[in-house]
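One structure is given below, encoded as structure tokens.
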Amino acid sequence: MSESNGKSVAETELWRGSYSSKSLAGAMILSLLLFATVSITTLVYTTTWGHAILVIGLAAMPELYCLAVVNYRRLTLKYILTNKRIVCESGLLTFASSRVALLVVDDVGYKQNDLDRVFGIGTITVVSRDKSDPTLLLRGVDNVGAVVQMIEDAAAAERTAHGTVVNTLG
């Protein structure tokens, strides 16, 4: 709890998210097209089933790789926004937790490629005066525009609660 104008304010969770499976949708679509093309071509032009099964099995590898990456990232990346801080937790066997107080957040933005825009996902960049993590990246965030707005609103509310003025002129 923190003190603000003599009042005690509890830390409350505003948003919780993880890596979105939609983040690798483009790669998954391309690998599925590759798999379908190779499979059909192999079945049409190959005379032995052993060879066809081998080629089709190899063609499935990119899709299996994409599925493994998505599931690994969904398991290992967690994001939490509270009224006091942003937390990024990562790891499966080893664990890391990056915490940035909203009071020291200077800028929040996001990046999207064409497919990210179609699926509404992106990478959020949080720039702060934090000593250990001055730039925090939240990758594969679903509904990225709304989450960025939540972070900006929470940071502004935290600065207002502490009477902090931010110089945005540089």
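The values are calculated or read from the model by the stated rules, or taken from the named source; none is laboratory data. If you're wondering where the values come from, they're calculated on a predicted model, not measured in any experiment. Here the Cβ positions follow ideal geometry from the backbone for every residue, glycine too, while neighbour counts run over all protein chains shown. SASA here: full protein model, heavy atoms, side chains in, ligands and nucleic acids out. Shrake-Rupley method; radii C 1.70, N 1.55, O 1.52, S 1.80 Å.
Residue by residue, segment 111-118 carries 3J(HN,Hα) couplings of 10, 9, 8, 4, 5, 4, 5, 4 Hz when phi is fed to the Karplus relation 6.51 cos²θ - 1.76 cosθ + 1.60 (θ = phi - 60°); x denotes Gly or Pro. Rounded if a/c is under 1.5, else prolate if a/b beats b/c, else oblate: with a ≥ b ≥ c from the C-alpha gyration tensor eigenvalues square-rooted, which is segment 80-119? Because a/c hits 1.5 or more and a/b fails to exceed b/c, segment 80-119 counts as oblate.
When the helices of the chain are scored as -39500 (n - 2.57) per DSSP H run of n ≥ 4 and the total is divided over every residue, the value at 222 nm lands at -13500 deg cm²/dmol. Accessible-area rank, largest first, for VAL148, VAL165: VAL165, VAL148, with all protein chains present and a 1.4 angstrom probe. Counting only residues at least eight positions apart within a chain, or on another chain, the aspartates and glutamates with an alpha carbon under 14 Å from that of LYS131 are ASP106.
Once all protein chains are placed together, PHE95 keeps about 140 Å² accessible to a 1.4 angstrom probe. Each residue of segment 45-57 was assigned a 3J(HN,Hα) from its phi angle through the Karplus expression (A = 6.51, B = -1.76, C = 1.60, θ = phi - 60°), giving 9, 9, 9, 10, 5, x, 5, 4, 5, 4, 5, 5, x Hz with x at Gly and Pro. Here the Karplus curve 6.51 cos²θ - 1.76 cosθ + 1.60, taken at θ = phi - 60°, turns the phi angles of segment 15-20 into couplings of 7, 9, x, 8, 4, 7 Hz, with x standing for Gly and Pro.
Remark: accessible surface ordering of HIS162, HIS51 (largest first) is HIS51, HIS162, probe radius 1.4 Å.
In this structure ASP106 has an accessible area near 80 Å², from a 1.4 Å probe over the protein heavy atoms.
Cut-off under 19 Å on the C-alpha distance; same-chain residues fewer than 8 positions from LYS22 excluded. Which aspartates and glutamates are left, in chain and number order? Within the straight-line cut-off, LYS22 pairs with GLU63, ASP114, ASP116, ASP142. Taking a straight line from the alpha carbon of LYS84, these aspartates and glutamates sit under 13 Å away, with near neighbours fewer than eight places off in the same chain left out: GLU3, GLU11, GLU13, GLU152, ASP153, GLU158. Of the residues VAL69, ALA101, THR47, the one whose Cα sits farthest towards the positive end of the charge dipole of the chain is THR47 (charges of +1 on Lys and Arg Cβ, -1 on Asp and Glu Cβ, taken about the Cα centre).
Size descriptors for the chain: radius of gyration and Dmax over Cα atoms are 22.1, 82 Å.
Overall, segment 1-143 carries a charge dipole of about 160 debye about its Cα centre when +1 sits on the Cβ of Lys and Arg and -1 on the Cβ of Asp and Glu, all other atoms neutral. Comparing mean-square fluctuations of ASN113, ASN83, ASN143 from a GNM of the chain with C-alpha springs under 10 Å, the top value falls on ASN113. Heavy-atom accessible area, probed at 1.4 angstrom with all protein chains present, ranks MET150, MET28 as MET150, MET28, highest first. In the chain, the longest principal axis of the Cα atoms and the axis of helix 144-161 are about 20 degrees apart.
Classify segment 87-170 as rounded, prolate or oblate from the Cα gyration tensor: take a ≥ b ≥ c as the square roots of its eigenvalues, call it rounded if a/c is under 1.5, otherwise prolate when a/b beats b/c and oblate if not. Oblate shape, in that a/c is at least 1.5 and b/c is the bigger or equal ratio. For the chain, the relative contact order works out to 23 percent when only alpha carbon pairs closer than 8 Å and six or more residues apart are counted. On full extension, the segment bounded by SER132 and HIS162 gains 8.6 nm, given 0.36 nm per residue less the C-alpha separation.
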